[in-house]
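Written below as structure tokens is the structure these notes are about.
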Amino acid sequence: MSWTSIAAIYLLFWVITAFVVMPFGVRTAEELGIEKVRGQADSAPGNFKPLRVIAITTLISAAVFGMFYANYLNGWIAPSDVNIFGKPPGVD
């Protein structure tokens, strides 16, 4: 696998993980008891910490990508192992 493929696949893992991690620990201004900024939506986060999200996302995505790459090298799970529908009609 080339380094560009590794970077692209890792980036995909990173972005997906970021969207999973982002909502955890976020509270609205009303839940925190702080005053909202004029024009702020009621659902807007009052304590969003992007550096925390970046750090957690990087750690989790690195671990998941490591498992993906180990499977790529060792071939533990192949596409044929997860085929739940069987062979398509007309394929011998």
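The values are calculated or read from the model by the stated rules, or taken from the named source; none is laboratory data. Bear in mind the structure is a predicted one, so any value in this text is a computation, not a measurement. Note: ideal-geometry Cβ built from the backbone for every residue, glycine included; neighbour counts use all protein chains shown.
Consider only pairs whose beta carbons are under 7 Å apart and that are at least six residues apart or on different chains; among these, list those whose first residue lies in the stretch 61-72 and is within 12 Å of Ile6 (Cα to Cα) and whose second residue is modelled with pLDDT under 95 and not basic (Lys, Arg).
Tyr72/Met1
In this structure, does Phe13 turn out to be loosely packed, with under 13 Cβ neighbours inside 10 Å and within 19 Å of the chain's Cα centre (by Cα)?
For Phe13, the condition - loosely packed, with under 13 Cβ neighbours inside 10 Å and within 19 Å of the chain's Cα centre (by Cα) - is not met.
Okay, residues lined up against (1) touching a residue at least 60 places away in the same chain (Cβ under 8 Å); (2) surrounded by 11 or more Cβ atoms within 10 Å (Cβ to Cβ); (3) not hydroxyl-bearing (Ser, Thr, Tyr):
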| residue | (1), (2), (3) |
| --- | --- |
| Pro23 | no, no, yes |
| Thr28 | no, yes, no |
| Ala44 | no, yes, yes |
| Phe48 | no, yes, yes |
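Which one of the conditions (1) surrounded by 13 or more Cβ atoms within 10 Å (Cβ to Cβ); (2) among the hydrophobic types (A, V, I, L, M, F, W, C); (3) farther than 30 Å from Asn74 by Cα; (4) over 14 Å from the mean Cα position of the chain (by Cα) does Ile6 fail to meet, given that it meets all the rest?
Here Ile6 clears every test but (3).
Got a sec? Which of Ser5, Ser43, Ser61 is in contact with a Phe, Trp or Tyr (Cβ under 6 Å, 6 or more places away or on another chain) and not aromatic (Phe, Trp, Tyr)? Give the steps one after another, and end with the answer.
Details: Ser5 fails: in contact with a Phe, Trp or Tyr (Cβ under 6 Å, 6 or more places away or on another chain); Ser43 fails: in contact with a Phe, Trp or Tyr (Cβ under 6 Å, 6 or more places away or on another chain).
Going through Ser5, Ser43, Ser61 in turn, the sole match is Ser61.
How many residues are closer than 16 Å to Phe19 by Cβ and either touching a Ser or Thr at 6+ places or on another chain (Cβ under 9 Å) or basic (Lys, Arg) (or both) if we restrict to the stretch 34-48?
1
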